[in-house]
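The values are calculated or read from the model by the stated rules, or taken from the named source; none is laboratory data. Note that the structure is predicted; figures quoted are calculated from it, not measured. Here the Cβ positions follow ideal geometry from the backbone for every residue, glycine too, while neighbour counts run over all protein chains shown.
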Amino acid sequence: MALVIKNLHYTYKTGKKALNGINLTIEEGSFTVISGPNGSGKTTLAKLLVGLLKPTEGSIDAKNVGILFQVPENQLFETTVIEDVMFGPINFGRTKEQAREDAIKALKSVGITEAFYNRDPFRLSDGQKRLVALAGVLATGCTTLVLDEVAAGLDWNAEQRVFGILKNLQSQGMTIIVISHNPEHAVQYADKYIYLKDGLIEENAVAHTRIEDFASRFTGQIASLIQTS
Ligand code: ADP
Ligand code: MG
């Protein structure tokens, strides 16, 4: 099922209009990057997609959406990796045994091996913490995954690993929505590129049309660095 957003508005209690009429269809099994400057409404949109906020006006038709927040470390809370990932399924009414199966499947899909199951999630590297938090979301059985600034603060290797895993999840049929204010890397994995500005969609493009543009901008930066040094 595609995810359909129609005339979506969201106004915070403070009176701040964060979204001003978004129309967007995200196809099932697609990989979308949503970008835009700070304050453009990306996180607000993410929260609406998972149902944490309700539209002020307009509608969202989406089911089974899971979210990984900007600081995924905040989504870890148990003393061992396996228990941490089991928390979601248990909360959704699965038995302990079923939850363990769900957790093992989810951990496998993000490349976390058995050797990590009994480790303290807070003592892992930042990249590993993010993968465990991601497994925790996947274990709940979501079919669409929203990731808010998932690569922030990761080094290039860890970032490539995360995007590789997301691409693999897409190949298994998941719908992936990556939110990033710095989309140059993510866009290489994407089918679709959305740019938000002031709570509106300013650009809705096929991702590969953006890659060359980012690449040439990057080359431009290098050229100007060489000139000034
Ligand atoms: P982004 O994720 O693109 O940086 P946000 O969705 O977080 O943007 O914010 C969009 C706008 O809504 C910003 O102007 C922000 O200050 C405002 N905003 C975000 N959260 C709240 C809140 N809880 N209360 C009031 N205003 C908010
Ligand atoms: Mg944000």
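What the table shows:
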{"item": "Residue in region 17-33 that is more than 23 Å from Pro183 (Cα to Cα) and free of Cβ contacts under 8 Å to residues at least 24 places away in the same chain present", "result": "no"}
{"item": "Flag for Gly29 being within 16 Å of ligand 2 (Cβ to nearest atom), modelled with pLDDT of 95 or more and not in a helix (DSSP H, G or I)", "result": "no"}
{"item": "Residue in region 42-59 that is closer than 14 Å to Leu8 by Cβ, modelled with pLDDT under 95 and more than 16 Å from ligand 2 (Cβ to nearest atom) present", "result": "yes"}
{"item": "Meets criteria (among the hydrophobic types (A, V, I, L, M, F, W, C), touching a residue at least 24 places away in the same chain (Cβ under 8 Å) and away from ligand 2 (no atom under 16 Å from the Cβ)) for Ile112", "result": "yes"}
{"item": "Check on Thr11, of a type in the set (Ser, Thr, Tyr), more than 22 Å from Val187 (Cα to Cα) and more than 16 Å from ligand 1 (Cβ to nearest atom)", "result": "no"}
{"item": "Pairs, first closer than 21 Å to Thr143 by Cβ in region 1-12, second among the hydrophobic types (A, V, I, L, M, F, W, C) and at pLDDT 95 or above, C-beta under 6 Å, six or more apart", "result": "Leu3/Ile26; Ile5/Ile22; Ile5/Leu24; Ile5/Ile60; Leu8/Leu19; Leu8/Ile22"}
{"item": "Neighbours by Cβ (under 7 Å, 6+ apart or cross-chain): first from region 142-153, within 11 Å of Ala186 (Cα to Cα); second charged (D, E, K, R)", "result": "Val150/Arg130; Ala151/Glu159"}
{"item": "Ile67, sole failed condition from (1) loosely packed, with under 14 Cβ neighbours inside 10 Å; (2) within 16 Å of the chain's Cα centre (by Cα)", "result": "(1)"}
{"item": "Those residues of region 34-57 which are touching a helix residue (DSSP H, G or I) at 6+ places or on another chain (Cβ under 9 Å) and touching a residue at least 40 places away in the same chain (Cβ under 8 Å), in sequence order", "result": "Ile34, Ser35, Gly36, Leu53, Pro55"}
{"item": "All positions within region 140-157 that are under 26 Å from Ser40 (Cα atoms) and small (Gly, Ala, Ser)", "result": "Ala151, Ala152, Gly153"}
{"item": "One residue from Gly199, Gly141, Gly164 being surrounded by fewer than 18 Cβ atoms within 10 Å (Cβ to Cβ) and at positive phi", "result": "Gly141"}
{"item": "Search result, residues across region 61-75 that are in a loop (DSSP other than H, G, I, E, B) and either modelled with pLDDT under 85 or of a type in the set (S, T, N, Q) (or both)", "result": "Asn64, Gln70, Val71"}
{"item": "Extreme residue, surrounded by the fewest Cβ atoms within 10 Å (Cβ to Cβ), among residues of region 87-137 that are among the aliphatic types (A, V, I, L, M), over 18 Å from the mean Cα position of the chain (by Cα) and assigned to a helix (DSSP H, G or I)", "result": "Ala115"}
